[in-house]
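Written below as structure tokens is the structure these notes are about.
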Amino acid sequence: MKAHVREIKKEAQQLMDNGEIDEFYLDQNRRHYVVHFRVRTSWAQVPFASSPRTPYVSNFTRQQIRRRIRSLP
């Protein structure tokens with residue numbers, strides 16, 4: 001597993017430990033890695049780059065997850 005994917009996994013685990021998400025798993029499609037997470041009863045997903053261009057990918061992905069949580073009904 002690539003180093004930045006491990007960092008995303010740590011961020012998602014922290015969100016789960018804080019109670020913001022219920023569970024998560026990482027997946028990969030043709031272009032991106034995807035973090036799938038469950039909030040309340042619905043699943044959502046956030047893609048992130050398979051090759052990061054900046055060291056801030058984990059922070060950006062955490063922000064995207066939080067934005068997706070706020071947008072869920």
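The values are calculated or read from the model by the stated rules, or taken from the named source; none is laboratory data. What you are looking at is a predicted structure, and each value in this text was computed from that prediction instead of being measured. Ideal geometry is used to build each Cβ from the backbone, glycine not excepted, and the neighbour counts take in all protein chains shown. What goes into the accessible areas is simple: the full protein's heavy atoms, side chains included, and nothing from ligands, DNA or RNA. Shrake-Rupley method; radii C 1.70, N 1.55, O 1.52, S 1.80 Å.
A compact table of results
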quantity	calculated
Any hit, the stretch 22-32, residues being under 12 Å from the mean Cα position of the chain (by Cα) and in contact (Cβ under 8 Å) with a residue 24 or more places away in the chain	no
Filtered residues of the stretch 63-73 (kept if open to solvent by less than 60 Å² (accessible area, probe 1.4 Å) and either part of a helix (DSSP H, G or I) or not hydrophobic (A, V, I, L, M, F, W, C) (or both))	Gln64, Ile65, Ile69
All positions within the stretch 1-39 that are among the acidic types (Asp, Glu) and farther than 22 Å from Arg70 by Cα	Glu7, Asp27
Qualifying residue in the stretch 4-26 (condition: at pLDDT below 90, exposed (fewer than 11 other Cβ atoms within 10 Å of the Cβ) and out of contact with any strand residue (DSSP E or B) (no Cβ under 8 Å at 6 or more places or on another chain))	no
